[in-house]
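> Okay, handing you the structure first.
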Amino acid sequence: MAKANKVVLAYSGGLDTSVIIPWLKENYGCEVIAVCADVGQGDELSVVHDKALKSGASKVYIEDLTQDFIENYVFPTLKAGAVYEGKYLLGTSFARPIIAKKLVEIARKENADAVAHGATGKGNDQVRFELTVKALAPDLKIIAPWREWDLDSRESEIEYAKAHDIPIATENKKYSMDRNIWHLSHEGSDLEDPWNAPQNSMFMISKAPEDAPDRPEEISIDFVEGIPVAVNGEKLDAVKLLTKLNEIGAANGIGIADICENRLVGMKSRGVYENPGGAILYYAHRELEYLTLDRATFHFKEGVAIRYAELVYDGMWFSQLREALAAFVDETQKTVTGTVKLKLYKGNIISAGAKSDFSLYSQEFVTFEHDDVYNQADATGFINLFGLPLKVRAMMQQKTQK
């Protein structure tokens, strides 16, 4: 096992990362600096700070990254329309690069020679953390204790913590959860059987749809170049806007997604996600693109969205391809400005109207009433040319069959 002088650890305050601090000191003979990134998870950060020190950290950084997270990771992905496998809005996926980027920055500041994380060897997060470090600081060592130690269960970690006088939470959480301002994920326990429906008692953000109000709630969202800027006519900064939509969506049972997804490491994993504000924003954004993007651009962008989502999911945020696709997306968003109205009702998002000064919709052309702008006779020549390959192929088939 290689030695390290000073290690910067991505620290959450949970059992895994609390145990990692003394484990690193014991096995690597190093100083450990804990970094807790606040991406809107709602933790009591003063408690996290003190816990890291009691666990053996020499220094603790508490970094508020929430606004940066929304503006520079969430919103670019929203503009791309990127959704992984049709359901997952990438809440954990794009949180890891911003955290790892901060680890690198603090490692440079502290002259550390290594960074460490608490992601397991079965999951995606190990890839996301480490690819970011490789992209930004290829000289730094990366330590992944879950791939090295012999602590193979929660019980063995608790025993290790007790033996090293590490403060641990007394409650026994039923699910493995990840939370930030964008989402809350649930994995493990009864969810490991895909036949089991999620229990309503599991939801910590959203109401179950059947418990939502019996009346629909109408809202409007304003966008400027693909970025949401106002809710119900009130201009809000990124954090306040998402917070407000989370509250509105949660009250109406919006944004609960249950998916058995394909992990990057090769296995399928079942997760249930609460994404109230995100689900609303994705729906509204797409409604505005229906009005403002031409057919070829819209259809091409649908393919880009799938690839973009895969890159984000796979931890390739700082890859050349993701950055190139983001440039394409930004170009498409120059006209995605306008207002979308929605109705929210018991878990459903229902279109209620959209308008934009850049709308490509023309009532003059599509009306079923009399118009003076469209000559229907022109369609004859268009269909003849458009269908010419089909006609030629059929003629050749007739010849060969004789």
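> If one takes the longest principal axis of the Cα atoms in the chain, at what angle in degrees, from 0 to 90 and to the nearest 10, does the Cα axis of helix 125-136 lie?
Its long axis makes an angle of about 90 degrees.
> Over 27 Å between Cα atoms: which of K87/K301; K173/K240; K101/K162; K6/K162 fall into that group?
Long pairs (Cα-Cα over 27 Å): K173/K240; K101/K162.
> Going by alpha carbons, how many degrees (0 to 90, nearest 10) lie between the helix axis of 15-28 and the longest principal axis of the chain?
So the inclination is approximately 60 degrees.
> Enter the angle in degrees (range 0 to 90, nearest 10) between the Cα long axis of helix 276-292 and the first principal axis of the Cα atoms of the chain, meaning the one along which they spread out most.
30 degrees
> Distance from the Cα centre of the stretch 172-203 to that of the stretch 216-247, in angstrom?
The two parts, judged by their Cα centres, are 27 Å apart.
> So, with +1 on the Cβ of K and R and -1 on the Cβ of D and E, and no other charges, what is the size of the charge dipole of the stretch 253-402 about its Cα centre, to the nearest 20 debye?
780 debye
> Let me ask something else about it. In square nanometres, what is one fourth of the surface area of the convex hull spanned by the alpha carbons of the chain?
Projected over every direction and averaged, the Cα hull of the chain covers 27.5 nm².
> While we're on this one: Which value, in Å², gives the accessible area per residue of the stretch 8-125 when a 1.4 Å probe is used on the protein heavy atoms?
Ligands and nucleic acids excluded, the result is 33 Å² per residue.
> For the chain, set up a GNM with springs between Cα atoms under 10 Å and report which of I21, I254, I350 has the largest fluctuation.
I350
> Same structure, new question: Give me log10 I(q)/I(0) at q = 0.19, 0.22, 0.23 Å⁻¹ for the stretch 166-239, Debye formula, one equal scatterer per alpha-carbon, no solvent.
Computed log10 I(q)/I(0) values: -0.99, -1.09, -1.12.
> In angstroms, what radius of gyration and Dmax does the stretch 273-397 have, counting Cα atoms only?
20.0, 56
> Roughly how many Å² is the accessible area per residue of the stretch 254-298, as a whole number, for a 1.4 Å probe?
It amounts to 37 Å² per residue over the stretch 254-298.
> Projecting each Cα onto the charge dipole of the chain (Lys/Arg +1, Asp/Glu -1 at the beta carbon, about the Cα centre), which of I166, L390, I221 comes out farthest on the positive side?
Checked the options; the winner is L390.
> Note down the nm distance, to one decimal, between modelled labels 7 Å out along Cα→Cβ at N348 and at E234.
2.7 nm
> Further question: Could you give the Stokes-Einstein D for the stretch 89-217 in µm² per second, using the C-alpha Kirkwood radius, 25 °C, 0.890 mPa s?
Answer from the Stokes-Einstein relation: 138 µm²/s.
> I've got another one for you. About its Cα centre, how strong a charge dipole does the chain have in debye, to the nearest 20, once Lys and Arg get +1 and Asp and Glu get -1 at the Cβ?
1060 debye
> Sticking with this one: For the chain, modelled as a GNM with alpha-carbon contacts under 10 angstrom, which of K207, K122, K79 fluctuates the most?
Highest fluctuation among the options: K122.
> For D152 and N200 in the same chain, what is the full-extension length gain: residue separation times 0.36 nm, less their Cα-Cα distance, in nm?
The D152-N200 span can extend by a further 14.2 nm.
> I would also like to ask the following. Please give the length that would be gained between N375 and K355 if that part of the chain were fully extended, namely 0.36 nm times their separation in residues minus their C-alpha to C-alpha distance (nm, one decimal).
4.5 nm
> Taking only Cα atoms and a 10 Å spring cutoff, compute GNM fluctuations for the chain and point out the largest among L65, L131, L390.
Per the Cα network of the chain with a 10 Å cutoff, L390 tops the list.
> Whenever you get a sec, line up H164, H285 from highest to lowest accessible area (probe 1.4 Å, protein heavy atoms).
The ordering from most to least exposed comes out as H164, H285.
> Additional query: Tell me, Kirkwood radius of the stretch 58-139 from alpha-carbon pair distances, in Å?
14.0 Å
The values are calculated or read from the model by the stated rules, or taken from the named source; none is laboratory data. The model shown is predicted, which means the values in this text are computed figures rather than measured ones. FYI the Cβ positions are ideal-geometry reconstructions off the backbone, even for glycines, and counts take in every protein chain you see. Side chains included, ligands, DNA and RNA excluded: accessible areas come from the protein's heavy atoms. Shrake-Rupley method; radii C 1.70, N 1.55, O 1.52, S 1.80 Å.
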